[in-house]
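Peer 1: My structure is below; once you've seen it, I'll send some questions.
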Amino acid sequence: MTQENKALFIIFGATGDLAHRKLYPALYRLYKKGFLSEQFAVIGTARREWSDDYYQDVVMDAIEDSVESEEHGRSFASHFRYQSHNVKDTEHYVTLKKLADTLDSEYDLDGNRVFYLSMSPSFFGTITDHLKQEKLISDNGFNRVIIEKPFGSDYESSKALNDDILESFDENQLYRIDHYLGKEMIQSILTLRFANRLFENSWNKDAIDHMQITLSEQLGVEERGEYYDKSGALKDMVQNHVMQVLSLLTMDAPKSYTTNEVRNKKVDVLKALKTPVVTDFVRGQYSESEDGSVTAYRLEDKVNPHSTTDTFVAGKIVIDNDTWDKMPVYIRTGKRMTKKSTRIDIVFKQSENNIFNDTPTHLTIHVDPFEGFELTLNDKKIGPGMDLTPMTLGSLRSEETIENSPEAYEKLILDVLRGDETHFAHWGEVSESWKFIDQIKRLWEDTNHPIAFYPALSMGPKEAFELLEKDGRQWVWNP
Ligand code: BG6
C-alpha cells in the first residue's frame, strides 16, 4: 500500500527554471501515485511579485504533460501558495513563518518541513540562518533541507558554505542533491555488484583491467552561458556526477546496506585516489561543427568570446588501494558531443592462461538514454577449430518500462520525505571530491595547460583518444 507523507515544502527559488522543469512535475507525480495526498502544502518564494492564483497557473503549466485531468491538476495546485521574498529581509521570514504555521494547521502537517534551496549558493547560509533565527524550524515533526548544486566552487568555498549551514542544521538534516544518484541505473550499480556473487568475486584488480565512464551530451550550454562560463565541465559534471559514479563503482563492499556504511565506503575510495598528474587530464572546448550547423562555444550567448572554459574533460583517475592496486578509471564528459549517452564500460583482463588468445571482455552499464546491461564475452566460432567470436548477453529495458519508471527527482524527493539519505551527497564525499578537483584545476592553471579544441558534434579532441592509446587501450564506445 502506498504510504502517504505529510509535509510542508518551502521552496526558495520557486520561479526558477529547475522548479518548473523538475520540481513541480516530480511533486505532481508523487501526488498522482498517492505518496502525497491531502496533507501537503507548498510555499513558493522568490523575489518576483506573484499572486497565489498566478503561481498555481504556473504550476499547472509545469505539469501540463502529465496531468490526469484539469480538475486533478487544479486540486494539486490548490496546495500551493506564493510569497514574494527577499532572502536577506528578516521581516519576510516573520511573514513566512505565519503562513507556514497557518498551512501546518490547515493541512494538519504535524510540523514536518522540507526547505528546498534552489538558488545561488551564496544565499544558502543567509537563508538557513534566518530559518533558525526566525523560528521557521518547527519543534515537532522533521525539518529537512534539500540543497541544489553547485555546492561551492572549490573546496574552500564549499567548506565555508557547509560551515554556515551547519550553524542552523545538522548534517543528517541535509539532503544535497546529485540527480545522478536518483537515476535507476546508477542505483543499480550497487545491486549488480553486491547482489551477484559472480561480480562480487570478480570486481577487483585480479579480474578488471580498467573502467570507462562516459557522460556525453549533444546539447550545448543553452541559456546557461553565464553560469557555465564560470564553471566548466570539470566543476559542472566531474566534481559531482562523475565522482559519485566512480565511487559507487569502486567502493569496497559495505557490511550492510545502511546510509552510513555506504557513505563511509564511498569516502574511503575517494581518499584513495592517486594525486592527479597534468598529463592525465585533457581539457577541451568545442569549436564550430564540421558541417557548420553548430556554432563554437565562444560564440554562445553570454559566453566570453575569448573564453578558455572547458566544455569537455577526459581524464585518467587512478585508484591506489588494496582492492584496485592502481587500476585506472578513464572518464570523459562534454557538451556538444556526437550523441547523448551516459554509460559505463568495465573492461576485464584477458583470461589468466590465455589459451585461446581471447579479446578482453567487457560489461556495459547503460544509464541514459538506454537502461540496462550488456556483457560481451568470447564464444567459439561455429565450425572447425577453436576460433573465437564475440557474443553479447544483454538486458535492456523497454521504452515503455523506462517511460513508466519514476524520474530521479521524484524518487529523491520521496527519499527526503522518508528520511533516507543514502542517495544524497554527504559532506564527506563532497569535500573529498572538491579536494581532488581543485588539484586538477591548479595543475591546469600552474602549467597553463592548453585547451584542446574539438569540433562540435564529435567525441572530443584527439588528446582524449591519445590518453588511452598511450596506455595501449581505447574507448569501448566510439560512435
Ligand atoms: C547538470 C549539469 O548537473 O547535469 C548540466 O549542470 C547537465 O550542465 C546535466 O546538462 C546533465 O544531466 P543528465 O541527467 O541530462 O545527464
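Read the figures in this text as sums done on the coordinates, not as results from a lab. In this text, all values refer to a predicted model and were calculated from it rather than measured experimentally. Here the Cβ is made from the backbone with ideal geometry for all residues, glycine too, and neighbour counts use every protein chain on show.
Peer 1: Could you work out the Rg to Rh ratio of the range 180-243, with Rh taken as the Kirkwood radius (inverse of the mean 1/r over all Cα pairs)? Let's see the in-between values first.
Peer 2: Working: Rg = 16.3 Å, Rh = 14.6 Å.
My calculation of the ratio gives 1.12.
Peer 1: Which net charge results for the neighbourhood of Leu36, defined as the other residues with beta-carbon distances under 10 angstrom from its beta-carbon, given Lys and Arg at +1 and Asp and Glu at -1?
Peer 2: Details: positive: Lys6, Arg29, Lys32, Lys33; negative: Glu4, Glu38.
Here the count lands on +2.
Peer 1: Just grab the label-to-label distance for Phe194 and Tyr54, each label 7 Å out from Cα along the Cβ direction, in nm (one decimal).
Peer 2: Label at Phe194, label at Tyr54, 4.9 nm between them.
Peer 1: Kindly put His85, His92 in sequence by how many other C-beta atoms sit within 10 Å of each C-beta, fewest to most.
Peer 2: His92, His85
Peer 1: Quote the convex hull volume per residue of the range 260-345, based on C-alpha atoms, as a whole number of Å³.
Peer 2: 160
Peer 1: Next question, about the same structure. What distance in nm separates the two pseudo spin-label positions at Asn172 and Asn448, each 7 Å out from Cα along the beta-carbon direction?
Peer 2: Those two pseudo-labels are separated by 5.3 nm.
Peer 1: What is the diffusion coefficient of the range 214-301 in µm²/s, taking the Kirkwood radius over Cα pairs and the Stokes-Einstein relation at 4 °C with a viscosity of 1.567 mPa s?
Peer 2: Roughly 82 µm²/s, to the nearest whole number.
Peer 1: Could you list log10 I(q)/I(0) for the range 94-133 at q = 0.19, 0.20, 0.24 Å⁻¹, which the Debye formula gives when each Cα is one point scatterer?
Peer 2: Log10 I(q)/I(0), no solvent term: -0.65, -0.70, -0.89.
Peer 1: Would you kindly calculate the translational diffusion coefficient of the range 349-464, applying Stokes-Einstein with the Kirkwood radius from alpha carbon pairs, for 10 °C and a viscosity of 1.306 mPa s, and quote it in µm² s⁻¹ without decimals?
Peer 2: Here the translational diffusion coefficient equals 80 µm²/s.
Peer 1: Okay, moving on. Please compute the Kirkwood hydrodynamic radius over the range 1-125, one decimal place, Å, based on all pairs of different Cα atoms.
Peer 2: 14.7
Peer 1: Could you tell me whether the range 66-155 comes out rounded, prolate or oblate from its Cα gyration tensor? Rule is a ≥ b ≥ c as square roots of the eigenvalues, rounded for a/c under 1.5, then prolate if a/b exceeds b/c, otherwise oblate.
Peer 2: oblate
Peer 1: While we're looking at this one, here's another question. May I ask for the equivalent-ellipsoid semi-axes of the range 430-479, computed as the square root of five times each C-alpha gyration tensor eigenvalue and listed largest first in whole Å?
Peer 2: Working: eigenvalues 117, 45, 31 Å².
Each semi-axis is √(5λ); the values are 24, 15, 12 Å.
Peer 1: In addition: If we count other beta carbons within 10 Å of each Cβ, what is the order of Met327, Met185, fewest first? Each step should come with its number before you reach the end.
Peer 2: Details: Met327 18, Met185 21.
Arranged by neighbour count, lowest to highest, Met327, Met185 become Met327, Met185.
Peer 1: Moving on. So what is the relative contact order for the chain, in percent, with contacts set as C-alpha pairs under 8 Å and at least six apart?
Peer 2: Values: 860 pairs, mean separation 80.2, N = 479.
Relative contact order of the chain: 17 percent.
Peer 1: Counting only helical runs of four or more DSSP H residues, what would the 222 nm mean residue ellipticity of the chain come to if each run contributes -39,500 (n - 2.57) and the total is spread over all its residues?
Peer 2: Details: 15 runs with 156 residues, N = 479.
Calculated at 222 nm, the ellipticity per residue is -9500 deg cm²/dmol.
Peer 1: Would you mind computing, in nm to one decimal, how far apart the modelled labels at Thr338 and Asn260 are, each placed 7 Å from Cα along Cα→Cβ?
Peer 2: The answer from the label model is 4.7 nm.
Peer 1: Still on this structure, I have one more. Going by alpha carbons, how many degrees (0 to 90, nearest 10) lie between the helix axis of 155-166 and the longest principal axis of the chain?
Peer 2: For helix 155-166, the angle is close to 30 degrees.
Peer 1: For the range 145-253, just run the numbers: alpha carbon Rg, then divide by 2.2 N^0.38 Å, N being how many residues it has.
Peer 2: 1.30
Peer 1: What order do you get for 235-245, 297-307 when each peptide is scored by the mean count of other beta carbon atoms within 10 Å, highest first?
Peer 2: Those peptides, ordered most packed to least, come out 235-245, 297-307.
Peer 1: To test your reading of the geometry: what angle, between 0 and 90 degrees and rounded to tens, separates the Cα axis of helix 90-107 from the longest principal axis of the chain?
Peer 2: 90
Peer 1: Given a cut-off of 26 Å, name the pairs among Lys183/Lys441; Lys316/Lys462; Lys97/Lys159; Lys183/Lys335; Lys271/Lys302 whose C-alpha atoms lie farther apart than that in the structure shown.
Peer 2: Pairs exceeding 26 Å: Lys183/Lys441; Lys97/Lys159; Lys271/Lys302.
Peer 1: Working from Cα positions, state the angle (0 to 90°, nearest 10) between the long axis of helix 259-271 and the longest principal axis of the chain.
Peer 2: 50
Peer 1: What Kirkwood Rh does the range 265-403 have if only Cα atoms enter the pairwise 1/r average? Answer in Å.
Peer 2: Details: mean 1/r = 0.0526 Å⁻¹.
Kirkwood radius, the range 265-403: 19.0 Å.
Peer 1: Over 34 Å, how big is the tail of the calculated P(r) for the chain, in percent of all Cα pairs?
Peer 2: On the way: 45609 of 114481 pairs.
The answer is 40 percent, as a whole percent.
Peer 1: Given R₀ = 60 Å, what would the calculated FRET efficiency be for His72 paired with Thr308, taking r from the Cβ atoms and rounding to 0.05? Write out the running numbers ahead of the final one.
Peer 2: Values: r = 50 Å, r/R0 = 0.84.
It comes out at approximately 0.75.
Peer 1: Now for a separate question. What would the Debye formula give as log10 I(q)/I(0) at q = 0.23, 0.29 Å⁻¹ for the alpha-carbon point model of the range 375-418, no solvent?
Peer 2: Each listed q corresponds, in turn, to -0.83, -0.96.
Peer 1: So, one more: Whole percent per 5 Å bin, from 0 to the bin with the longest distance: what is P(r) over all C-alpha pairs of the range 29-69?
Peer 2: Over the range 29-69, the share of Cα pairs per 5 Å bin runs 6, 17, 24, 27, 17, 8, 1 percent.
Peer 1: Count charges around Gly315 for me, please; just the other residues with Cβ under 10 Å from its Cβ, Lys/Arg as +1, Asp/Glu as -1.
Peer 2: That sum, taken over residues with Cβ under 10 Å, equals +2.
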